[in-house]
Amino acid sequence: MPSVFIKTYGCQMNERDSEAVAAQLVAKGYSLAKSEATADVVLLNTCSVRDFAEQKAINKMRNLVGNARKDRPGQILGYLGCMAQSRGQELIDKLPDVDLVLGTQKFHRAAEYLDELLAGKRTKIVDTATEAKSEATIREHLLNGSAKTSVSAFVSIMQGCNQHCTFCIVPATRGEERSRTIPDIVAECRELALRGVKEVTLLGQIVTSFGKREVTVSNGKSGFVQLLEAVHEIEGLARIRFTSPHPKGYGDDLVEAYARLPKLCESAHIPLQSGSDRILKLMHRGYAREKFTGIIQKLRQAKPGIGIYTDIIVGFPGETEEDFEQTLSLCREVEFDNAYIFKYSERRDTPAAEMADQVPQAIREERNERLLKLVNEIAARKYDAFIGKQVQILVEGPSKKNAARYTGRTRCNRIVLFDGSARHQSQIMDVKIERTGSFTLYGDPAILE
Ligand code: 5AD
(Lines give C-alpha, C1' and ligand atoms only; values in the text may rest on other atoms or scores of the structure.)
Protein backbone atom coordinates (compact mmCIF):
# COMPACT_ATOMS: atom_id res chain seq x y z
CA MET A 1 0.00 0.00 0.00
CA PRO A 2 1.17 3.58 -0.61
CA SER A 3 2.80 5.77 2.01
CA VAL A 4 1.90 9.36 2.77
CA PHE A 5 3.68 12.31 4.34
CA ILE A 6 1.62 15.29 5.51
CA LYS A 7 3.23 18.61 6.41
CA THR A 8 1.07 21.08 8.30
CA TYR A 9 1.27 24.88 8.38
CA GLY A 10 -0.68 27.17 10.68
CA CYS A 11 -3.05 26.68 13.57
CA GLN A 12 -4.32 23.81 15.71
CA MET A 13 -7.37 23.48 13.49
CA ASN A 14 -5.02 22.65 10.63
CA GLU A 15 -3.12 20.16 12.79
CA ARG A 16 -6.38 18.50 13.66
CA ASP A 17 -7.47 18.35 10.00
CA SER A 18 -4.13 16.75 9.07
CA GLU A 19 -4.50 14.18 11.82
CA ALA A 20 -8.01 13.30 10.61
CA VAL A 21 -6.73 12.91 7.02
CA ALA A 22 -3.84 10.74 8.24
CA ALA A 23 -6.23 8.58 10.29
CA GLN A 24 -8.53 8.23 7.29
CA LEU A 25 -5.63 7.12 5.07
CA VAL A 26 -4.20 4.72 7.66
CA ALA A 27 -7.65 3.12 7.96
CA LYS A 28 -7.50 2.51 4.19
CA GLY A 29 -4.13 0.77 4.54
CA TYR A 30 -1.72 3.63 3.82
CA SER A 31 1.42 3.86 5.92
CA LEU A 32 2.80 7.10 7.31
CA ALA A 33 6.17 7.93 5.72
CA LYS A 34 8.94 9.31 7.94
CA SER A 35 9.86 11.93 5.38
CA GLU A 36 8.79 13.36 2.06
CA ALA A 37 11.73 11.62 0.37
CA THR A 38 10.28 8.15 0.95
CA ALA A 39 6.59 8.95 0.50
CA ASP A 40 4.38 8.00 -2.43
CA VAL A 41 2.10 10.90 -1.59
CA VAL A 42 3.10 14.27 -0.09
CA LEU A 43 0.37 16.60 1.12
CA LEU A 44 0.88 20.17 2.34
CA ASN A 45 -1.92 21.32 4.62
CA THR A 46 -1.74 25.06 4.21
CA CYS A 47 -2.39 28.33 6.06
CA SER A 48 -3.57 31.59 4.48
CA VAL A 49 -3.74 33.88 7.47
CA ARG A 50 -0.67 35.84 6.41
CA ASP A 51 1.20 36.05 3.13
CA PHE A 52 4.32 34.63 4.80
CA ALA A 53 2.51 31.36 5.59
CA GLU A 54 1.35 31.01 1.99
CA GLN A 55 4.83 31.71 0.60
CA LYS A 56 6.35 29.06 2.87
CA ALA A 57 4.03 26.36 1.53
CA ILE A 58 4.46 27.49 -2.09
CA ASN A 59 8.27 27.41 -1.77
CA LYS A 60 8.07 23.99 -0.16
CA MET A 61 5.92 22.73 -3.02
CA ARG A 62 8.41 24.13 -5.56
CA ASN A 63 11.16 22.10 -3.88
CA LEU A 64 9.00 19.01 -3.79
CA VAL A 65 8.22 19.39 -7.49
CA GLY A 66 11.92 19.75 -8.30
CA ASN A 67 12.86 16.65 -6.31
CA ALA A 68 9.94 14.64 -7.65
CA ARG A 69 11.02 15.44 -11.21
CA LYS A 70 14.60 14.42 -10.46
CA ASP A 71 14.30 11.43 -8.16
CA ARG A 72 10.72 10.48 -7.44
CA PRO A 73 8.70 9.96 -10.61
CA GLY A 74 5.11 9.09 -9.85
CA GLN A 75 5.05 10.80 -6.46
CA ILE A 76 1.63 12.44 -5.92
CA LEU A 77 1.74 16.03 -4.64
CA GLY A 78 -1.20 17.87 -3.13
CA TYR A 79 -2.25 21.05 -1.37
CA LEU A 80 -4.90 20.79 1.32
CA GLY A 81 -6.76 23.26 3.49
CA CYS A 82 -6.96 27.03 3.63
CA MET A 83 -4.73 28.11 0.74
CA ALA A 84 -6.13 25.28 -1.39
CA GLN A 85 -9.58 26.67 -0.64
CA SER A 86 -8.78 30.30 -1.39
CA ARG A 87 -6.58 29.75 -4.47
CA GLY A 88 -7.97 26.55 -5.99
CA GLN A 89 -7.08 25.83 -9.63
CA GLU A 90 -4.63 28.76 -9.66
CA LEU A 91 -2.20 26.60 -7.63
CA ILE A 92 -2.02 24.00 -10.42
CA ASP A 93 -1.83 26.69 -13.11
CA LYS A 94 1.27 28.00 -11.32
CA LEU A 95 2.83 24.60 -10.64
CA PRO A 96 1.45 22.06 -13.12
CA ASP A 97 3.16 19.15 -11.34
CA VAL A 98 0.72 19.48 -8.45
CA ASP A 99 -1.91 16.72 -8.67
CA LEU A 100 -4.44 17.54 -5.98
CA VAL A 101 -5.98 20.71 -4.50
CA LEU A 102 -8.42 19.90 -1.71
CA GLY A 103 -10.41 22.60 0.10
CA THR A 104 -11.41 22.90 3.74
CA GLN A 105 -14.79 21.20 3.36
CA LYS A 106 -13.35 18.17 1.57
CA PHE A 107 -10.74 16.63 3.85
CA HIS A 108 -12.87 13.49 4.17
CA ARG A 109 -12.59 12.93 0.41
CA ALA A 110 -8.77 12.67 0.49
CA ALA A 111 -8.57 8.86 0.40
CA GLU A 112 -11.04 8.55 -2.47
CA TYR A 113 -9.23 11.18 -4.58
CA LEU A 114 -5.76 9.77 -3.85
CA ASP A 115 -6.93 6.32 -4.91
CA GLU A 116 -8.06 7.76 -8.24
CA LEU A 117 -4.80 9.63 -8.75
CA LEU A 118 -2.61 6.68 -7.78
CA ALA A 119 -4.57 4.35 -10.04
CA GLY A 120 -4.16 6.82 -12.92
CA LYS A 121 -7.93 7.16 -13.32
CA ARG A 122 -7.60 10.93 -13.09
CA THR A 123 -4.54 13.12 -13.48
CA LYS A 124 -5.59 16.31 -11.66
CA ILE A 125 -8.23 16.90 -9.03
CA VAL A 126 -9.35 20.29 -7.66
CA ASP A 127 -12.25 20.23 -5.22
CA THR A 128 -13.01 23.37 -3.25
CA ALA A 129 -16.81 23.16 -3.30
CA THR A 130 -18.90 23.69 -0.19
CA GLU A 131 -20.46 20.62 1.33
CA ALA A 132 -23.41 20.44 3.71
CA LYS A 133 -22.50 18.79 7.04
CA SER A 134 -18.77 18.91 6.36
CA GLU A 135 -18.33 20.37 9.88
CA ALA A 136 -19.05 16.90 11.25
CA THR A 137 -16.50 15.06 9.09
CA ILE A 138 -13.33 15.80 11.09
CA ARG A 139 -13.71 13.00 13.62
CA GLU A 140 -11.13 10.23 13.12
CA HIS A 141 -8.13 10.21 15.47
CA LEU A 142 -4.77 8.54 15.17
CA LEU A 143 -3.68 8.51 18.83
CA ASN A 144 -1.50 5.47 18.17
CA GLY A 145 1.19 7.74 16.71
CA SER A 146 3.63 9.01 19.31
CA ALA A 147 2.78 8.55 22.97
CA LYS A 148 3.05 12.29 23.18
CA THR A 149 -0.23 12.86 21.44
CA SER A 150 -2.28 10.12 23.01
CA VAL A 151 -3.06 11.75 26.36
CA SER A 152 -4.34 14.95 24.84
CA ALA A 153 -6.56 15.31 21.78
CA PHE A 154 -8.05 18.05 19.64
CA VAL A 155 -11.76 17.88 18.84
CA SER A 156 -13.24 19.99 16.07
CA ILE A 157 -16.61 21.36 17.23
CA MET A 158 -17.47 23.96 14.59
CA GLN A 159 -16.20 25.41 11.35
CA GLY A 160 -16.19 28.84 9.79
CA CYS A 161 -16.61 32.38 11.08
CA ASN A 162 -19.25 35.07 10.49
CA GLN A 163 -17.46 37.88 12.31
CA HIS A 164 -15.84 39.27 9.16
CA CYS A 165 -12.98 41.15 10.77
CA THR A 166 -11.72 43.43 8.02
CA PHE A 167 -8.17 42.01 8.06
CA CYS A 168 -9.09 38.35 8.06
CA ILE A 169 -9.22 35.82 5.24
CA VAL A 170 -10.82 33.07 7.37
CA PRO A 171 -14.45 33.64 6.24
CA ALA A 172 -13.18 32.98 2.70
CA THR A 173 -11.14 29.90 3.64
CA ARG A 174 -13.42 28.27 6.21
CA GLY A 175 -16.85 29.54 5.16
CA GLU A 176 -19.95 30.30 7.21
CA GLU A 177 -20.25 29.23 10.84
CA ARG A 178 -21.57 25.66 11.17
CA SER A 179 -21.63 23.66 14.40
CA ARG A 180 -21.74 19.97 15.12
CA THR A 181 -24.36 18.71 17.55
CA ILE A 182 -23.59 18.36 21.26
CA PRO A 183 -24.35 14.59 21.32
CA ASP A 184 -22.04 14.02 18.34
CA ILE A 185 -19.15 15.88 20.01
CA VAL A 186 -19.78 14.18 23.35
CA ALA A 187 -19.72 10.77 21.63
CA GLU A 188 -16.32 11.58 20.10
CA CYS A 189 -14.91 12.81 23.42
CA ARG A 190 -16.24 9.77 25.26
CA GLU A 191 -14.57 7.48 22.74
CA LEU A 192 -11.31 9.42 23.20
CA ALA A 193 -11.56 9.06 26.98
CA LEU A 194 -12.03 5.31 26.57
CA ARG A 195 -8.85 5.28 24.48
CA GLY A 196 -6.90 6.91 27.31
CA VAL A 197 -7.20 10.60 26.47
CA LYS A 198 -7.32 12.79 29.57
CA GLU A 199 -7.41 16.23 28.02
CA VAL A 200 -9.47 17.54 25.11
CA THR A 201 -9.09 20.88 23.36
CA LEU A 202 -12.30 21.92 21.62
CA LEU A 203 -11.48 23.61 18.34
CA GLY A 204 -13.06 26.02 15.91
CA GLN A 205 -12.39 29.34 14.22
CA ILE A 206 -14.73 31.07 16.69
CA VAL A 207 -15.66 28.45 19.29
CA THR A 208 -17.59 30.87 21.49
CA SER A 209 -20.16 31.12 18.67
CA PHE A 210 -20.70 27.37 18.87
CA GLY A 211 -24.35 26.45 18.34
CA LYS A 212 -25.47 30.07 17.76
CA ARG A 213 -28.10 28.93 15.30
CA GLU A 214 -28.37 25.29 16.30
CA VAL A 215 -28.65 25.33 20.13
CA THR A 216 -31.21 27.39 22.09
CA VAL A 217 -29.93 29.46 25.00
CA SER A 218 -31.10 27.79 28.19
CA ASN A 219 -31.00 29.34 31.69
CA GLY A 220 -28.87 32.13 30.27
CA LYS A 221 -26.32 29.61 29.03
CA SER A 222 -25.05 29.83 25.47
CA GLY A 223 -24.73 26.76 23.28
CA PHE A 224 -20.99 26.82 23.94
CA VAL A 225 -21.39 26.73 27.72
CA GLN A 226 -23.94 23.94 27.37
CA LEU A 227 -21.36 22.01 25.34
CA LEU A 228 -18.69 22.60 28.02
CA GLU A 229 -21.08 21.23 30.66
CA ALA A 230 -21.85 18.15 28.56
CA VAL A 231 -18.16 17.40 27.92
CA HIS A 232 -17.43 18.02 31.60
CA GLU A 233 -19.67 15.06 32.50
CA ILE A 234 -17.47 12.57 30.65
CA GLU A 235 -15.76 10.15 32.95
CA GLY A 236 -12.02 9.78 32.42
CA LEU A 237 -11.50 13.27 31.03
CA ALA A 238 -9.60 15.44 33.48
CA ARG A 239 -9.01 18.60 31.52
CA ILE A 240 -10.94 20.67 29.00
CA ARG A 241 -9.51 23.51 26.90
CA PHE A 242 -10.73 25.38 23.85
CA THR A 243 -9.44 27.65 21.10
CA SER A 244 -10.07 30.12 19.44
CA PRO A 245 -12.68 32.19 21.22
CA HIS A 246 -13.84 35.74 20.46
CA PRO A 247 -13.98 38.28 23.30
CA LYS A 248 -17.67 38.87 22.60
CA GLY A 249 -18.28 35.25 23.64
CA TYR A 250 -17.10 35.89 27.23
CA GLY A 251 -20.50 36.58 28.74
CA ASP A 252 -21.09 35.95 32.44
CA ASP A 253 -22.21 32.40 31.61
CA LEU A 254 -18.74 31.54 30.29
CA VAL A 255 -16.90 33.40 33.07
CA GLU A 256 -18.96 31.52 35.65
CA ALA A 257 -18.25 28.24 33.86
CA TYR A 258 -14.57 28.70 34.77
CA ALA A 259 -15.48 28.92 38.44
CA ARG A 260 -18.03 26.11 38.27
CA LEU A 261 -16.39 23.45 36.08
CA PRO A 262 -13.21 22.11 37.68
CA LYS A 263 -12.07 20.32 34.52
CA LEU A 264 -12.10 23.57 32.56
CA CYS A 265 -8.44 24.58 32.71
CA GLU A 266 -7.59 28.08 33.92
CA SER A 267 -6.13 29.21 30.65
CA ALA A 268 -7.61 31.45 27.97
CA HIS A 269 -6.27 32.53 24.61
CA ILE A 270 -8.36 35.63 23.87
CA PRO A 271 -7.37 37.54 20.74
CA LEU A 272 -7.10 41.27 21.43
CA GLN A 273 -5.76 42.46 18.02
CA SER A 274 -5.41 46.11 19.11
CA GLY A 275 -5.62 48.30 22.21
CA SER A 276 -7.00 51.28 20.29
CA ASP A 277 -10.77 51.71 20.09
CA ARG A 278 -10.43 53.47 16.76
CA ILE A 279 -8.51 50.55 15.24
CA LEU A 280 -10.77 47.94 16.84
CA LYS A 281 -13.67 49.63 15.09
CA LEU A 282 -11.86 49.67 11.74
CA MET A 283 -11.07 45.99 12.28
CA HIS A 284 -14.75 45.27 12.91
CA ARG A 285 -13.95 43.46 16.10
CA GLY A 286 -17.20 44.30 17.90
CA TYR A 287 -15.76 45.38 21.28
CA ALA A 288 -13.86 48.27 22.78
CA ARG A 289 -10.74 48.24 24.94
CA GLU A 290 -12.72 48.71 28.17
CA LYS A 291 -14.89 45.70 27.44
CA PHE A 292 -11.78 43.56 26.81
CA THR A 293 -10.01 44.58 30.02
CA GLY A 294 -13.30 44.05 31.93
CA ILE A 295 -13.44 40.43 30.69
CA ILE A 296 -9.88 39.78 31.85
CA GLN A 297 -10.66 41.24 35.26
CA LYS A 298 -13.73 39.03 35.65
CA LEU A 299 -11.81 35.94 34.55
CA ARG A 300 -9.03 36.63 37.03
CA GLN A 301 -11.61 37.03 39.77
CA ALA A 302 -13.33 33.78 38.81
CA LYS A 303 -10.04 31.86 38.48
CA PRO A 304 -7.01 33.40 40.14
CA GLY A 305 -3.83 32.32 38.37
CA ILE A 306 -5.59 31.90 35.04
CA GLY A 307 -3.11 32.04 32.14
CA ILE A 308 -4.13 34.79 29.73
CA TYR A 309 -2.73 34.63 26.21
CA THR A 310 -3.55 36.80 23.22
CA ASP A 311 -2.95 37.71 19.57
CA ILE A 312 -2.11 41.25 18.49
CA ILE A 313 -1.75 42.75 15.01
CA VAL A 314 0.62 45.69 14.55
CA GLY A 315 0.54 48.03 11.56
CA PHE A 316 -3.13 47.65 10.66
CA PRO A 317 -4.03 50.26 7.98
CA GLY A 318 -4.26 53.73 9.49
CA GLU A 319 -2.64 52.71 12.81
CA THR A 320 -0.91 55.83 14.15
CA GLU A 321 1.80 56.04 16.77
CA GLU A 322 -0.95 57.02 19.27
CA ASP A 323 -3.03 53.95 18.36
CA PHE A 324 0.01 51.74 18.77
CA GLU A 325 0.77 53.29 22.16
CA GLN A 326 -2.75 52.32 23.21
CA THR A 327 -1.81 48.72 22.46
CA LEU A 328 1.39 49.08 24.49
CA SER A 329 -0.50 50.59 27.41
CA LEU A 330 -3.12 47.84 27.34
CA CYS A 331 -0.35 45.22 27.46
CA ARG A 332 1.19 46.98 30.46
CA GLU A 333 -2.20 47.10 32.14
CA VAL A 334 -3.32 43.52 31.47
CA GLU A 335 0.08 41.79 31.70
CA PHE A 336 -0.54 38.90 29.34
CA ASP A 337 1.19 35.64 30.16
CA ASN A 338 2.18 35.70 26.52
CA ALA A 339 1.12 37.42 23.32
CA TYR A 340 1.57 36.35 19.73
CA ILE A 341 2.33 39.41 17.64
CA PHE A 342 1.59 39.59 13.93
CA LYS A 343 2.66 42.23 11.47
CA TYR A 344 -0.40 43.17 9.46
CA SER A 345 -0.43 41.33 6.13
CA GLU A 346 -2.72 42.37 3.27
CA ARG A 347 -5.04 39.52 2.35
CA ARG A 348 -6.82 39.40 -0.97
CA ASP A 349 -10.52 40.30 -1.02
CA THR A 350 -10.52 41.65 2.54
CA PRO A 351 -11.75 45.21 3.25
CA ALA A 352 -8.57 46.21 5.11
CA ALA A 353 -6.39 45.45 2.09
CA GLU A 354 -8.30 48.18 0.21
CA MET A 355 -8.04 50.77 2.98
CA ALA A 356 -6.03 53.93 2.48
CA ASP A 357 -3.06 54.60 4.79
CA GLN A 358 -1.38 51.20 4.60
CA VAL A 359 1.41 51.35 7.15
CA PRO A 360 4.94 51.16 5.66
CA GLN A 361 6.69 47.81 6.25
CA ALA A 362 9.51 49.48 8.19
CA ILE A 363 7.01 50.84 10.72
CA ARG A 364 5.27 47.45 11.02
CA GLU A 365 8.71 45.95 11.77
CA GLU A 366 9.57 48.62 14.29
CA ARG A 367 6.25 48.30 16.17
CA ASN A 368 6.58 44.54 16.12
CA GLU A 369 9.96 44.81 17.84
CA ARG A 370 8.85 47.34 20.42
CA LEU A 371 5.76 45.33 21.34
CA LEU A 372 7.70 42.07 21.40
CA LYS A 373 10.19 43.56 23.82
CA LEU A 374 7.45 44.67 26.20
CA VAL A 375 5.48 41.42 25.95
CA ASN A 376 8.62 39.35 26.54
CA GLU A 377 9.64 41.38 29.58
CA ILE A 378 6.23 40.85 31.16
CA ALA A 379 6.14 37.17 30.16
CA ALA A 380 9.59 36.54 31.67
CA ARG A 381 8.52 38.16 34.93
CA LYS A 382 5.47 35.93 34.98
CA TYR A 383 7.59 32.85 34.34
CA ASP A 384 9.96 33.75 37.13
CA ALA A 385 7.04 34.05 39.53
CA PHE A 386 6.59 30.26 39.20
CA ILE A 387 9.96 29.49 40.79
CA GLY A 388 9.46 27.62 44.06
CA LYS A 389 5.78 26.94 43.35
CA GLN A 390 4.11 23.58 43.10
CA VAL A 391 2.01 23.06 39.98
CA GLN A 392 -0.10 20.24 38.59
CA ILE A 393 0.97 18.94 35.20
CA LEU A 394 -0.38 16.43 32.72
CA VAL A 395 2.61 14.51 31.35
CA GLU A 396 2.60 14.34 27.55
CA GLY A 397 5.75 12.28 26.92
CA PRO A 398 9.52 12.40 26.48
CA SER A 399 10.92 15.73 25.38
CA LYS A 400 11.93 15.80 21.72
CA LYS A 401 15.36 17.24 22.44
CA ASN A 402 16.37 15.12 25.43
CA ALA A 403 14.77 11.71 26.00
CA ALA A 404 15.69 11.67 29.70
CA ARG A 405 13.43 14.67 30.14
CA TYR A 406 9.67 14.47 30.12
CA THR A 407 7.33 17.24 29.20
CA GLY A 408 3.95 18.19 30.61
CA ARG A 409 1.65 21.17 30.77
CA THR A 410 0.27 23.08 33.70
CA ARG A 411 -3.46 23.77 33.81
CA CYS A 412 -2.63 27.35 32.83
CA ASN A 413 -0.94 25.92 29.71
CA ARG A 414 2.74 26.34 30.43
CA ILE A 415 5.25 23.72 29.36
CA VAL A 416 7.17 22.05 32.18
CA LEU A 417 10.25 19.85 31.68
CA PHE A 418 11.44 17.43 34.36
CA ASP A 419 13.72 14.41 34.71
CA GLY A 420 11.25 11.64 34.09
CA SER A 421 10.75 8.15 32.78
CA ALA A 422 8.10 5.99 31.14
CA ARG A 423 6.27 5.58 34.43
CA HIS A 424 5.38 9.26 34.33
CA GLN A 425 3.74 8.98 30.91
CA SER A 426 0.15 10.32 30.87
CA GLN A 427 0.17 10.96 34.62
CA ILE A 428 -1.36 13.94 36.30
CA MET A 429 1.19 14.89 38.93
CA ASP A 430 2.61 17.73 40.95
CA VAL A 431 6.02 19.19 40.33
CA LYS A 432 7.93 21.94 42.03
CA ILE A 433 9.29 24.59 39.69
CA GLU A 434 13.01 25.11 40.19
CA ARG A 435 14.04 27.37 37.33
CA THR A 436 12.84 28.88 34.10
CA GLY A 437 14.12 28.78 30.53
CA SER A 438 12.88 30.43 27.41
CA PHE A 439 9.11 29.84 27.58
CA THR A 440 9.71 26.72 29.65
CA LEU A 441 9.54 25.86 33.33
CA TYR A 442 11.90 23.25 34.80
CA GLY A 443 10.36 21.19 37.54
CA ASP A 444 11.13 18.50 40.05
CA PRO A 445 8.49 15.84 40.74
CA ALA A 446 7.29 16.95 44.16
CA ILE A 447 7.49 14.41 46.95
CA LEU A 448 4.00 14.13 48.30
CA GLU A 449 2.39 12.09 51.04
N1 5AD B 1 -2.35 40.03 9.08
C2 5AD B 1 -1.68 39.75 10.21
N3 5AD B 1 -2.15 38.95 11.16
C4 5AD B 1 -3.35 38.39 10.97
N5 5AD B 1 -4.08 37.57 11.75
C6 5AD B 1 -5.21 37.28 11.11
N7 5AD B 1 -5.25 37.92 9.93
C8 5AD B 1 -4.12 38.62 9.82
C9 5AD B 1 -3.57 39.49 8.84
N10 5AD B 1 -4.23 39.79 7.73
C11 5AD B 1 -3.64 37.14 13.08
C12 5AD B 1 -4.67 37.54 14.15
C13 5AD B 1 -5.28 36.22 14.51
C14 5AD B 1 -4.12 35.27 14.29
C15 5AD B 1 -4.47 33.85 14.18
O16 5AD B 1 -3.54 35.75 13.10
O17 5AD B 1 -3.98 38.09 15.25
O18 5AD B 1 -5.78 36.17 15.83
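The values are calculated or read from the model by the stated rules, or taken from the named source; none is laboratory data. Please read all numbers here as calculations on a predicted model, not as lab measurements. Note that we place each Cβ from the backbone using ideal geometry, even for glycine, and neighbour counts take in every protein chain shown. With ligands, DNA and RNA removed, areas are computed over all heavy atoms of the protein, side chains included. Shrake-Rupley method; radii C 1.70, N 1.55, O 1.52, S 1.80 Å.
Full extension from residue 380 to residue 32: what is 0.36 nm times the residue separation minus their Cα-Cα distance, to one decimal in nm?
121.4 nm
Between the stretch 286-310 and the stretch 2-80, the C-alpha centres lie 38 angstrom from each other.
Phi angles of the stretch 85-91 translate, via the Karplus equation with coefficients 6.51, -1.76, 1.60 and θ = phi - 60°, into HN-Hα couplings of 5, 7, 10, x, 3, 3, 5 Hz per residue; Gly and Pro are given as x. Per-atom-type breakdown for the stretch 1-124 gives carbon and sulfur 49% of the accessible area (1.4 Å probe, protein chains only).
With an a/c value of 1.5 or above and a/b not larger than b/c for the gyration tensor axes a ≥ b ≥ c computed over the alpha-carbon atoms, the stretch 22-112 is described as oblate.
Looking at the chain, what % of its DSSP beta bridges pair antiparallel, to the nearest 5? Close to 35 percent.
Compute the Rg/Rh shape ratio of the chain: radius of gyration over Kirkwood radius, all on alpha-carbon atoms.
Rg divided by Rh gives 0.96.
For the chain, modelled as a GNM whose springs connect Cα atoms under 10 angstrom apart, the maximal fluctuation among 263, 401, 133 occurs at 401. Each residue of the stretch 152-167 is assigned a 3J(HN,Hα), and the resulting list reads 9, 9, 8, 10, 7, 9, 7, 9, x, 7, 9, 6, 6, 4, 5, 8 Hz, derived from the Karplus form 6.51 cos²θ - 1.76 cosθ + 1.60 (θ = phi - 60°), x at Gly and Pro.
Protection proxy ranking, highest mean first, for peptides 62-73, 293-304: 293-304, 62-73, where packing is the per-residue count of other beta-carbon atoms within 10 Å, averaged. Subtracting the Cα-Cα distance of residue 356 and residue 333 from 0.36 nm times their residue separation leaves 5.2 nm of extension gain. Accessible area per residue for the stretch 1-85 is 42 Å², calculated with a 1.4 Å probe on protein heavy atoms, without ligands, DNA or RNA. Write out the cysteines belonging to the chain for which the nearest other cysteine Cβ is not under 4.7 Å, or none if no such cysteine exists. Singleton cysteines: 11, 47, 82, 161, 189, 265, 331, 412. Centroid-to-centroid, using Cα positions, the stretch 349-412 and the stretch 195-218 are 25 Å apart. For the peptides 30-42, 314-326, 170-182, 118-130, the ranking by packing is 170-182, 314-326, 30-42, 118-130, with the highest mean count of neighbouring Cβ atoms within 10 Å listed first. If you take every DSSP beta bridge whose two residues both sit in the stretch 87-228, what share of them, in percent to the nearest 5, is antiparallel? So the antiparallel bridges amount to about 25 percent of the total. In a shell of Cβ-Cβ distance under 12 Å around residue 314, excluding residue 314 itself, what net charge do Lys and Arg (+1) and Asp and Glu (-1) give? Net of charged neighbours comes to -4.
Rounded, prolate or oblate: which fits the stretch 178-325, taking a ≥ b ≥ c as square roots of the Cα gyration tensor eigenvalues, rounded meaning a/c under 1.5, else prolate when a/b beats b/c? Walk me through the intermediate numbers first.
Numbers: a/c = 2.13, a/b = 1.92, b/c = 1.11.
Prolate is the answer for the stretch 178-325, as a/c is 1.5 or above and a/b outweighs b/c.
Within the chain, helices built from complete DSSP H runs that reach 15 Å or longer along their own axis (Cα positions) and carry a mean Kyte-Doolittle hydropathy of -1.0 or higher are 12-27, 182-194, 289-302, 321-334.
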